[in-house]
1. Give me the accessible area per residue for the chain, probe 1.4 Å, as a whole number in Å².
2. Sorted from largest to smallest, which semi-axis lengths in Å does the alpha carbon gyration tensor of the stretch 7-50 give for its equivalent ellipsoid, taking the root of 5 times each eigenvalue?
3. Quickly estimate the mean residue ellipticity at 222 nm for the chain, helices only: each DSSP H run with n ≥ 4 gives -39500 (n - 2.57), and the total goes over all residues, rounded to 500.
4. If 31, 55 are ordered by their accessible area, calculated over protein heavy atoms with a 1.4 Å probe, which sequence runs from highest to lowest?
5. Under the √(5λ) rule applied to the eigenvalues of the Cα gyration tensor, what semi-axes describe the equivalent ellipsoid of the chain? Give them in Å, descending.
6. Leaving ligands, DNA and RNA out of it, report the carbon-plus-sulfur percent of the accessible area of the chain at a 1.4 Å probe.
7. What are the ³J(HN,Hα) couplings of the stretch 34-39, residue after residue, when phi is run through the Karplus curve with 6.51, -1.76, 1.60 and θ = phi - 60°? Round to Hz, x for glycine and proline.
Amino acid sequence: MDIFASTFQKKFCNILRNEGLKPFTSEEIGITHDTAYDYRSGRSGPSAKNLAKIIKAFPQYTCYILDLDPKGLPEQKILKD
């Protein structure tokens, strides 16, 4: 498992948990169930296209996902890893 996939796995799971979403709600995000499973298990990190879909579905976590300064975007939620 590479470092990016491992880091993204934690963040993706934290976002789903914080939003109270079941892992099977991947269709609401716009990604396949198998792809969401790969992210949750740390098997792979997202492609640029899927990363954009996830950010579009959860814009309040943009800084958290991309490790950016939350002061740059309004209404950001920062979760502890």
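1. Per-residue value: 64 Å².
2. The three semi-axes for the stretch 7-50 are 14, 13, 9 Å.
3. Numbers: 5 runs with 44 residues, N = 81.
Estimated from H runs of four or more residues: -15000 deg cm²/dmol.
4. Sorted descending by solvent-accessible area, the residues read 55, 31.
5. Output for the chain: semi-axes of 19, 14, 12 Å.
6. Taking all protein chains in place, the chain shows 56 percent carbon and sulfur surface.
7. Those phi angles translate into 5, 5, 4, 4, 4, 5 Hz.
The values are calculated or read from the model by the stated rules, or taken from the named source; none is laboratory data. Everything numeric here is computed off the predicted structure, so don't read it as measured data. To get the accessible areas, we keep the full protein, side chains included, count just its heavy atoms, and leave off ligands, DNA and RNA. Shrake-Rupley method; radii C 1.70, N 1.55, O 1.52, S 1.80 Å.
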